[in-house]
Every structure is written in structure tokens, then in C-alpha cells.
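The values are calculated or read from the model by the stated rules, or taken from the named source; none is laboratory data. Not measured: the values here are computed from a predicted model. Cβ placement follows ideal geometry from the backbone for every residue including glycine, while neighbour counts extend to all protein chains displayed.
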Amino acid sequence: MTGPVSMRRDGEIAVIEIDSPPVNALSHPVRAGIAVCMAEALADDSVKGVALTCLGRTFCAGADITEFDKPPMAPMLTEVINTIEASPKPVVAALHGTALGGGFELPLGCHFRVAAPSAAVGLPEVKLGILPGAGGTQRLPRLIGLEAALQRIVTGAQIPAQEALALGAVDEIIEGDLTAGALAFLRSALAENHPLRPTRDRNDKTSNANLAAFDALSTKLTAKSRGLKAPAMCAESVRNAATMPFDDALQRERQIFETLRDGDQSKAQRHIFFAERAAQKIEDMPRGTKGRPITQAAVLGAGAMGGGIAMCFADAGLPVTLIDQSEEAVGAGVDLIRANYQRSATSGRVSEAEMAQRLALITPSTTFADVATADIVIEAVFEDMALKKRLFADLDAACKPGAILATNTSTLDVDAIAAATQRPQDVLGLHFFSPANVMRLLEIVRAQHTTHDVLKTAIDLGRKMGKAPVTVGVCHGFVGNRMLHARGRQVEQLLLEGATPTHLDAALTNFGFPMGPCAMSDLAGLDVSWRVRREAGLTAAVADAICERGWFGQKTSRGYFRYEQGSRRPVADPEVEALISTIAQTQNAAPRAISEREVFERLVFPMINEAADILAEGVAARASDIDVVWVFGYGWPIGTGGPMRYAETLGVKAIFSSLMRYSDQTEDPSLAPGSALTQWATSGEPPSVA
Ligand code: CAA
């Protein structure tokens, strides 16, 4: 036994077992353990072959990411892999769970790879702002070809076992006992006695690569990197597999890895990796709290949001009843769902068979009483408190005991909605983000009486749906939309001062947002926030005037921008710009030229100001939860790590001073730093609940 790695014998085969929960990450003790076991196996003449296996839920999930900020400790993973690859005795890796990153690079250096049918492999390093730094960009192309490897490495996509087999990344799928299958595979390889072919020497798929086709694919895949450096660097390194000797290319891969790892983008992306996981922990939740079983769901409201939520259930393999009042409404909802799935099928994201399976899980209904069989009901009707209260009273009467009643409200008081029922302990907010089947954020709104097991169910459900769940407290707009409103006030103000929707959007897209505030409102539907404003007794001169003309954004082909038939590309609309000038004149606002930096700071800094209040009030439990909300719900550029990390990087004092200056210049009190931001700027510590 060598720490987390041990070796046992099965006849002439040495079986190396890695046991390092939770995910067998390749930490220093694991690397050292493998190295010691390999050395023993190589020195022992009675060992004819080696099988590399992992205990627990998965094969290695990659390098230990927590070690990236520490001094490197030998043996490095590359050395371990080189030893295995150079071994005169065949080594087979037996893969189950997810063999990712270094956890796939290690098997890539083995002579053979066998996998359980449910396993998946992949090189997801790009999602951490780095590239596979232990030979992955050189060995994977040698096994599956340059373009196939490029596609997987630049996107970080997981490759299911069957696909890996078809591509040549895996040699055999083992049904039944994986280790027994791996040993049988190795014994038959030993019996055949073919000379071993280390992956580094297999050049047949890279030597004649079509570099023009490779470059075209590379340009296409990296086109939407939004300022992230890793995708293009991944592509450069994969290309080297065809143009450089193996050892030189490996050295270059290492250089790129170290540059990216030490750069701010990767640090920010690693911050988000851990932030996403931290957000799923609720401090006061007793250990061992179990969620309630969910086998049947219902969604009320078959609009775009309700339909998207129904798709989330179907994508997670859960049957869901989609309920609306009329055949027409529910039919339109199902048509939209079908069209969305069809788009995914056409682009290859799901197969036709998967699409059919998922559609079959969605049952349309016009009968409210169908909620009776559901373990969870999510209400996704209009943002209208009176309507929601009525609906929750009806749900209380119709749902079975123990059913979870969730509202998808984006702003309203979940405590007030829960109070309309006799079971407030079962009520919470589940706030999905539009389009619900695409955006990863799920705000779980914890109301006053929501119980821990209900929260746990929601977190587990969110994970099953592939979401990034973040638990937040009750307040107008929760975390995401409350900060969005702070930005929205400045959108109005900046437009009245002379900026155009195009200018506003450019300030944020140039920072790395996929779209600016005006295009985003057009996508979400301007009528939605109009209704919210009216509900709250608020007005917004420009946005209200646009809505009064019936221009609700993309759905009406006009909003802040115009949209050509069938296009989602915003086009500047002179009529809207003229309308804004007219409103500005009536308000005696004199137009002026506003720099992009001012636009940016006035859109972003008020959000950070609001976030400080959110933290001080305990609406978010941690600063990093707010980062998760904005990265996964609103497309905040991940390479800066979210608004709170960005604020720390920029310096909270600088943000404080800018806000002071803008609030003086504009006499807009909403721009003034609040007490929480002031305290943060002074103490250097983000606020927390006293
Ligand atoms: N290093 C350190 N810790 C890791 C880790 C890693 N590679 N992968 C997961 N963990 C930790 C998580 O932080 C989490 O810790 P807490 O319980 O304390 O929050 C715990 O393991 C369980 O992780 P998940 O909650 O994510 O578990 P899951 O079952 O939902 O998912 C997984 C498992 C798919 C493996 C997922 O954890 C994952 O995607 N991990 C990262 C994989 C990855 O990016 N690998 C590449 C690493 S970089 C690399 O390998 C560079 C190289 O070239 C050598």
C-alpha cells in the first residue's frame, strides 16, 4: 500500500488500484503512488503486464486543480505517463465514470484502454482556461485524428464510451465486471504477443493531416471565444501534433500550459469551478439531509419559460406534464418545444432518437387536476402576484401531501406566495433563466419556511438537469435581477443623456458579454419587465414608451433594435433613437458624447454596489455565489471570474471613487456607493451578514 495507490497481483498481472475519493484526482500522493507501483511492477520479472484501475465512483477526474497555485511537486504527471508509455510490459487502463483531463491523458499514455459502457472520456481543460498539459494535445490526435481531437479539445466535450470506441480512443467496451474484463483483454494481448505501439509513435493519423481543413475548423471553433485565450492555444498545440516532432511539441504544450495556468483568465475560470460547487452547500443544512424523491413533475404555463422548464425535466429523463388553460396555448407551447429540439437535432447536439425520447416524456394537458400526481410543480405563469396567490391556493388543494410547490417568479415575494398555502414549508422559488433549457443558472429562492429537505431536493434536481444551482434569499429580483435592475436604471439614464442602444451594448460586448443590455432585453421580451414595473408601481420613460408602441423585442421584430424576418441579429433603429431624443427633450436632458469607459462603468459598477448590499443582507451567502449567478445566468465573461472577483481584481476603492464621481456629475443618487460598498472599500473585505 502506497498512500492512495496500492498494487495487488492477479497471476502474472499487477493491478494498480487508485483510491482517492471523491474523484481520484491526480494529486501528488496519487502520482507518487502510481510511480512507485509502476517501478515495482517493472522490476518484478514475474509481472508480465499491468492494469491501471480506480476504485470509487470514477476513474481519475484529472490533475488536482487545488495544486495549480502551489509549487510543483515531483513526480509530475508527464513523467508518470512517460514511464508507462515506455514500459516494455503492456499497460491497460480500465475506465469507468469520467476519465477527464490528466485522468484521460494518463490512459492515453497506456498501451490499451478499455471502458465500462457508461464511461465517458474527455479533455475539458479549456473550460478551466488551460490546455491539456500532460500530452493530451499530442496523443489524442494520434489516436483519433487531428480534426476529431481539435473538436473535442477546443470545446472540452466529453466523449461517451461508444463514441470513443468508434473514434479509436478506446479499444474495447467491457460489459459486466470492468477489472475482470480489463485483465482478460490484457491476457489476450499478451497471448498475441504483438510488439507494443506506444501512442507517441503512432503517426498514421497525423502525418498526412489536411492542414487547410484543420485551420478552417479551428477558425470556426474558436470564433466565439469572446476574448478567452485557451481555445486558440489548444488549437495551436493540436496542430503541432502534425508539424513538430513529438518531444518538441510536448515541450511547447507544457510552455503553453504554464503560461495559461499562471494567467488571470485561468485563475478566474478555476475560481468559478470551485464557486459553482461551493454554491451547492448550505451552511445550516444538517449533514445527511436527504431530498424527496422526484419521479413525476408538472409545469403550469406553456409559454416560452414553462416550455423551457419542461424541456429541462425531459432532458434529465423525468416525465413532466405541461399544463395550460386552452388547447391552443398548450399546443403552441409543445410546438415551440418541438422546434427547439429539432434545432438541437439538426445541429447534432441530440440524436433524432433522443429527441423523440425527450418529447415522449412531455405530456400536454389542459386539466389543472393533473398536478395531483406530481412530486414537484413549477408555476411559470405571468408575473402577477394576485394570479400567483390564487394559483398556489389551488395547488395547495389539488397537490398530494409532500409535493413541492415552486414558483418561477423572477422578482416577486416568495414568502407572500407561500402564505397563500397551508404548506409554506414545501414552497420555494425555482428561478430559471431564459432560455430555460439553455442557461445553466438556477436560482433557488429559500423562503422563510422552506425546509432543508425541500432545498436539498431542489439542489439535486438542478444538478440532475445540468444546472448551476445557487440558493438565494427573498427580495425583489433576488440576486441576478436585483443587480440587473441596478444596471437597467443606468440603461435608461445613459440613453437619456445621449448614448444609443448600440453604444450601450458595445460597451458590454467589448468586455466579453455575449450581448448588451438592450439586445438582452429584446431577447427576454420588453413586455415582461414592463409588467414587473407596473406591478411594482415603477416607470422607465424610454422602455415604457417602446412597449407602448407594441414593440416588445425579438418576438415583435422590434424593440430597442429592429430584427429582420427570421434573424436574431439586432440592427440599429433610427426611429427608436429619435423616440429616445424626443423623450430626453421633454425631460430637458441635454445630449452629450459619452465615452465607452463611462458607459461601461456606469452599467457595471452600480451592479457591484447592489451586490455589496445583497451580501450584507445575506440574500447571497457568499461573494462567489454572485459570481456563479452572473456567469451562468447572464453571460458575464467567465475569464474575469464574475462581478465580485472582477471587483476585487480592479480594486473596490477604484469602483467606490468612480461611483462617487458619477453620482456627483449626474446628481443621480442611485449611483452613490451604498454603505456596504463603502465598508468593503475601506476594510478590503467583502461584506457579510453581521
Ligand atoms: N481537482 C480537485 N478537486 C476536484 C477535481 C479536480 N480535478 N474534480 C472534482 N473535484 C472536487 C470538487 O471540487 C468537489 O469538491 P467538494 O465536494 O469539496 O465541493 C468534489 O471533487 C466532487 O466534485 P463534483 O461535485 O463536481 O462531483 P460530480 O460527481 O458532480 O462531477 C466530475 C464529477 C465530472 C469529475 C467533475 O468534478 C469535474 O468535471 N471535475 C473536473 C474535471 C476536470 O476539469 N479535469 C481536468 C483538470 S485539469 C488537468 O487535468 C490538467 C492537465 O492537463 C494535467
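Some values worked out for this structure:
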item	result
Lone qualifier among THR199, THR243, THR259 - being within 16 Å of the ligand (Cβ to nearest atom) and more than 25 Å from the chain's Cα centre (by Cα)	THR199
One residue from THR411, THR363 being over 30 Å from CYS475 (Cβ atoms), in the same structural domain as ASP453 (by TED's automatic domain parsing) and in contact (Cβ under 8 Å) with a residue 40 or more places away in the chain	THR363
Among (1) among the aliphatic types (A, V, I, L, M); (2) surrounded by fewer than 24 Cβ atoms within 10 Å (Cβ to Cβ); (3) away from the ligand (no atom under 16 Å from the Cβ), the one test that VAL491 misses	(2)
Where SER87 falls short, out of the listed (1) more than 9 Å from the ligand (Cβ to nearest atom); (2) under 27 Å from THR155 (Cα atoms); (3) surrounded by fewer than 21 Cβ atoms within 10 Å (Cβ to Cβ)	(2)
Hits in segment 438-454 (condition: buried (at least 20 other Cβ atoms within 10 Å of the Cβ) and under 18 Å from GLU379 (Cβ atoms))	LEU442, GLU443, ILE444, VAL445, ARG446, ALA447, THR450, VAL454
Unique match (being farther than 30 Å from ALA418 by Cβ and not small (Gly, Ala, Ser)) among GLU352, GLU379	GLU352
Meets criteria (assigned to a loop (DSSP other than H, G, I, E, B) and in contact with a helix residue (DSSP H, G or I) (Cβ under 9 Å, 6 or more places away or on another chain)) for GLY333	no
Sole exception among (1) within 15 Å of the ligand (Cβ to nearest atom); (2) under 21 Å from LEU228 (Cα atoms) for GLN151, by number	(1)
Selection count, segment 262-282, where residues are crowded, with 16+ Cβ neighbours inside 10 Å, among the basic types (Lys, Arg) and near the ligand (Cβ under 10 Å from one of its atoms)	1
Which numbered condition ILE594 fails, given (1) within 28 Å of the chain's Cα centre (by Cα); (2) surrounded by 16 or more Cβ atoms within 10 Å (Cβ to Cβ); (3) not charged (D, E, K, R)	(1)
Qualifying residues in segment 94-143 (those that are within 20 Å of ARG31 (Cα to Cα), of a type in the set (A, V, I, L, M) and without any contact (Cβ under 8 Å) to a residue 60 or more places away in the chain) - the one farthest from the ligand (Cβ to nearest atom)	VAL121
Selection count, segment 215-240, where residues are farther than 18 Å from PHE257 by Cβ and of a type in the set (A, V, I, L, M)	4
Residue among ARG622, ARG597 that alone is under 22 Å from PRO469 (Cα atoms), of a type in the set (D, E, K, R) and out of contact with any Lys or Arg (no Cβ under 7 Å at 6 or more places or on another chain)	ARG622
Residue count, segment 532-555 (criterion: buried (at least 16 other Cβ atoms within 10 Å of the Cβ) and either touching a residue at least 60 places away in the same chain (Cβ under 8 Å) or among the polar types (S, T, N, Q) (or both))	2
Count of residues meeting criterion [within 16 Å of the ligand (Cβ to nearest atom) and of a type in the set (D, E, K, R)] in segment 23-63	2
Selection from segment 149-170 of residues that are buried (at least 18 other Cβ atoms within 10 Å of the Cβ) and free of Cβ contacts under 8 Å to residues at least 40 places away in the same chain	ARG152, GLY156, ILE159
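Conditions (1) surrounded by 14 or more Cβ atoms within 10 Å (Cβ to Cβ); (2) closer than 13 Å to GLY306 by Cβ; (3) not aliphatic (A, V, I, L, M), marked per residue:
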{"position": "VAL330", "(1), (2), (3)": "yes, yes, no"}
{"position": "LEU336", "(1), (2), (3)": "yes, yes, no"}
{"position": "GLY348", "(1), (2), (3)": "no, no, yes"}
{"position": "GLU354", "(1), (2), (3)": "yes, no, yes"}
{"position": "ALA420", "(1), (2), (3)": "yes, no, no"}
{"position": "PHE433", "(1), (2), (3)": "yes, no, yes"}
